[in-house]
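Every number in this text was worked out from the coordinates using simple rules, so none of it is lab data. Note that the structure is a prediction, hence the values are computed from the model and not measured. Cβ: placed from backbone, ideal geometry, glycine included. Neighbour counts: every protein chain shown.
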Amino acid sequence: MKQVPNISDTEADLIGIVLALNGADEEAYGVPINAELTRIRGGREIVSGALYTSLQRLVNKGLLEAESAAGTPERGNRSKRLYKVTGTGIRAFRKWEAERLRLLDTVRPAWGRS
Amino acid sequence: MTKTVTFLVAIGSGFYVSAGVVTGDNLRLPLWQFAGCVVMVFGFLLIGLLRNLIELFLLRLADLDRAQILIWVIEFLHTPVRADEILGDLHELKIQWIQDLGESEGRRRFRRHACWIVVYRLCELAALLVSSFWDTVEATLQRLVTVAKLLSQIVRILRPVWIPLGGGTVLSWLTGKGETVGRALKALHDWSGL
């Protein structure tokens, strides 16, 4: 069985956002992904170039897949790239989530004592 | 402050890209790549300056439409698909920013973002060059080690021949007494015990 890849926190953020947008039947491309990422980071913006590089890296790793959609006038008739999370991406995200939950389980008793 | 942040972010993004994004597998090193590597060695120190130069030349001095220049640069630096994606997003954001922040501030923010995309892309390309450069260095060193081992084997195999032959010739030349190479060779051979 293929090993589930490890992902960084930023990659997990991006996969999570694309998952959420896909789940809400909204288009997952640069602008809404950037807006959502800024929102969950409390208004701290990601460097624009880094977003596209990170998305491309996830595509290269097989965690996201991208397809082109036709341009619209509000985009200057330039096409957009719509992202979808692949099965591997979902497994990688679940693995990341399980690790974080284990960490929280470890920390919570200490919080209770302090 | 802006310069410091620019500098730190550029270094950070450069290292980030080097570490995780780019894998170079090109073992050839054309001149332009080598030049790129040399520039890159000093590049981390110059990226802050680069950002300011882009701003200076493209955003302040140029009499052309500044945003259009940035769009051309982004188109030039990216593949058509990626450029379309990025510029389409930027176009959408520009309209949104102009609505939210007003004409002047919205356009300024658009240019700043476009400028950062250019800088980030340049960092990516530079990291690609560095990655390719180090792959080449590694491959070259491996080849040199292989050649050195081979030479060492050849020298070891030929040792019984070249010591008497070479030594005999030198001895013959040094003594100048008309000794033949063969006699010197025999003398040396006897002396060396080979």
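Using a Gaussian network model of chain A in which every pair of alpha carbons under 10 angstrom is joined by a spring, one finds that among A:LEU63, A:LEU82, A:LEU14 the greatest mean-square fluctuation is at A:LEU82.
Neighbour counting of Cβ atoms within 10 Å sorts the residues B:ARG109, B:ARG121, A:ARG102, fewest neighbours leading, into A:ARG102, B:ARG109, B:ARG121. Rounded to the nearest Hz, the phi-derived 3J(HN,Hα) couplings of the stretch B:111-125 under the Karplus curve 6.51 cos²θ - 1.76 cosθ + 1.60 (θ = phi - 60°) are 5, 4, 5, 4, 4, 5, 5, 4, 4, 5, 5, 4, 4, 4, 5, where x marks glycine and proline.
Determine the relative contact order of the stretch A:9-113: mean sequence separation of Cα pairs under 8 Å and six or more apart, normalised by residue count, in whole percent.
27 percent
The trypsin sites (Lys or Arg not before Pro) found in the stretch A:1-81 that occupy coil by DSSP, while having at most 13 further C-beta atoms within 10 Å, are A:LYS2, A:ARG41, A:ARG44. Which shape class, rounded, prolate or oblate, goes with the stretch A:62-114 when its Cα gyration tensor gives a ≥ b ≥ c as root eigenvalues, a/c under 1.5 marks rounded, and past that a/b bigger than b/c marks prolate? Oblate, because a/c is 1.5 or more while a/b does not exceed b/c. Between helix A:9-23 and chain A there is an angle of about 60 degrees, using the helix long axis and the longest principal axis of the Cα atoms. Model label points for A:TRP111 and B:TRP134, set 7 angstrom from Cα along the Cα-to-Cβ axis, are 3.9 nm apart.
Taking each residue as 0.36 nm, the span from A:ARG39 to A:GLU99 lengthens on full extension beyond its C-alpha to C-alpha distance by 19.2 nm.
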